[in-house]
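Heads up, the thing below is written out as structure tokens.
The values are calculated or read from the model by the stated rules, or taken from the named source; none is laboratory data. Because the structure is a prediction, the values reported are computed rather than measured. Cβ coordinates were reconstructed from backbone atoms using ideal geometry, including for glycine residues, and neighbour counts include every protein chain displayed. Surface accessibility is based on the protein's heavy atoms, side chains included, excluding ligands, DNA and RNA. Shrake-Rupley method; radii C 1.70, N 1.55, O 1.52, S 1.80 Å.
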Amino acid sequence: MITRRIARWIDDRLGTSRFARSALDKAFPDHWSFMLGEIALYCFVVLVLTGIFLSFFFDPSPKEVVYHGAYNQLDGVRMSEAYRSTVSLSFDVRAGLVMRQMHHWAALTFLAAIVTHLCRVFFTGAFRRPRELNWIVGVTLLLLAMFNGFTGYSLPDDLLSGTGLRIAYSIALAIPVVGTWSAFLVFGGEFPAGDIISRLFVIHIMLVPLAIGGLLGVHLAILWRQKHTQYRGRGRTERNVVGSRLWPTYTLKSVGLFALVVAVLGGLGGLVQVNPVWLYGPFEPSAVTTAAQPDWYVGWLEGALRLFPPWDAHIVGHTVSEVFWPGVVLPGVTFVLLYAWPFLEARATGDYAEHHLLDRPRDRPVRTAIGVGVLTFYGVLLLAGGQDVIADKLNLPVTGVTTTFQILVFVLPVVTAAISWKLCRDLQGARSAAEQEETPSPVGPAEPHVTDTAPRDKEPAPESPS
């Protein structure tokens, strides 16, 4: 009785019951593509939980030790404490290997979900006013996720991750004027510097995850305030949201999706091997592993480094390394254009109106063609990151495979963009012809046109899904 009176007193002052009723009645569209962002969120939850487990057993120390553990192939080998703890975590800790692989698969899926979600937002025009800020938040999340994925990939101090760190050090050195200073600042000295693993560990488990968590909160808060976009259809207007209520339909659907994501990642972690560091051996500065490729989300950068010709430039008394253009300029231009795209498109089209209904990709042939061409460009770079493996498997000279990719990286995006534009135009024409055939003859009085004029911040009750 006392508890009820206290709750009623608090509710009378704060209006919590009204807020709760309004929140539980919020409508969310039912289309499957809106679940991509939720998959990314649930992968992040799995990353945090498995990462906490792994942090109990991983030691980010460069101290040299001799391994005597369960993996006999490395018995008596000198290695860093970081690598030893990773191997021990894989073979000596109960469920350690499952957690390691589940963590790695969650990272790969997390990046894949973010990229796919951004593609959905791009091709449907969900970045337009008033959602430019949320697009910027999403691109920043992609950048942070890529960076944190690379730091985690580099922590085991095996030969493969050491090769990746060597490349990152070379890219930092390639920055004109400040390259040497910045490389020494980040790595703690000339490569291989002993401080880099401990620094990456702090960045990987504390700084970047906190930033990602904060941005996810900002992203969801903006989504909650602006309401969700939706595809065009019966009963859907620029001023309403049609879909399932938050409680109970959408909540139960999200809980089921979370369970499915955890189950799939758990199955991958237990059944599909990924990043077997014990096969690569400890990092040795004088050695480079053959057929070394990074995780897929930075594979395009590896491909760009492999395809760019060895051209040095001399600008204002400074030598600009050939690594600078594919390693610094290309990523920089990529993310600058991603950040600026909503404003570039609005300026090019003169469309500054608010949009809450999504475009069909075929109705925006130019945007669709540009998106397909850009994805093809980075897809070719991703494949080029393994040009040595392709040459070996197909028994071809690696120089010939490299030259082929150098041609395809310019030709194929133009071809796919042109095909996409033509398909969009043809689909538009077919749709217009079908609509003209279905138009009834103007006989009798016209049917009354009903418009839902409810303001968007006061959404109407959603329709029941058919």
### helices (runs of 4 or more DSSP H) (entirely within region 347-443) containing at least 3 residues that are of a type outside the set (Phe, Trp, Tyr) and under 28 Å from residue 129 (Cα atoms)
365-384, 398-438
### Query
Do you know which residues across region 17-35 are among the aliphatic types (A, V, I, L, M) and at pLDDT 80 or above?
27, 35
### Pairs with Cβ under 6 Å, 6+ apart, first in region 11-29 and in a helix (DSSP H, G or I), second aliphatic (A, V, I, L, M)
24/246
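Considering only region 346-364, I want to know if a residue exists there that is without any contact (Cβ under 8 Å) to a residue 12 or more places away in the chain and not small (Gly, Ala, Ser). Reasoning before the result, please.
Kept after step one, since they are without any contact (Cβ under 8 Å) to a residue 12 or more places away in the chain, are these residues of region 346-364: 347-350.
Remaining after also requiring not small (Gly, Ala, Ser): 347, 349.
The answer is yes, given that some residue of region 346-364 is without any contact (Cβ under 8 Å) to a residue 12 or more places away in the chain and not small (Gly, Ala, Ser).
Output the residues belonging to region 150-186 that are without any contact (Cβ under 8 Å) to a residue 12 or more places away in the chain and more than 20 Å from residue 319 (Cβ to Cβ). Spell out how you get there, then give the answer.
Step one: filter region 150-186 for residues without any contact (Cβ under 8 Å) to a residue 12 or more places away in the chain, giving 178-182, 184-185.
Passing the criteria: only 185.
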### Flag for residue 165 being farther than 26 Å from residue 39 by Cα, open to solvent by less than 30 Å² (accessible area, probe 1.4 Å) and either in contact with a Leu (Cβ under 8 Å, 6 or more places away or on another chain) or not polar (S, T, N, Q) (or both)
yes
### Task
Could you tell me which of the residues 162, 194, 189 is modelled with pLDDT under 95, on the phi > 0 side of the Ramachandran plot and out of contact with any Lys or Arg (no Cβ under 8 Å at 6 or more places or on another chain)?
189
### Query
Do any residues in region 115-128 that are on the phi > 0 side of the Ramachandran plot have Cβ atoms under 6 Å from those of residues that are buried (at least 22 other Cβ atoms within 10 Å of the Cβ), where the two are at least six apart or on different chains, and which pairs are they?
none
### Query
Yes or no: residue 68 modelled with pLDDT of 85 or more, under 19 Å from residue 246 (Cβ atoms) and open to solvent by 30 Å² or more (accessible area, probe 1.4 Å)?
no
### Query
Hey, any hits in region 107-120 for a residue that's in contact with a strand residue (DSSP E or B) (Cβ under 6 Å, 6 or more places away or on another chain) and under 30 Å from residue 273 (Cβ atoms)?
no
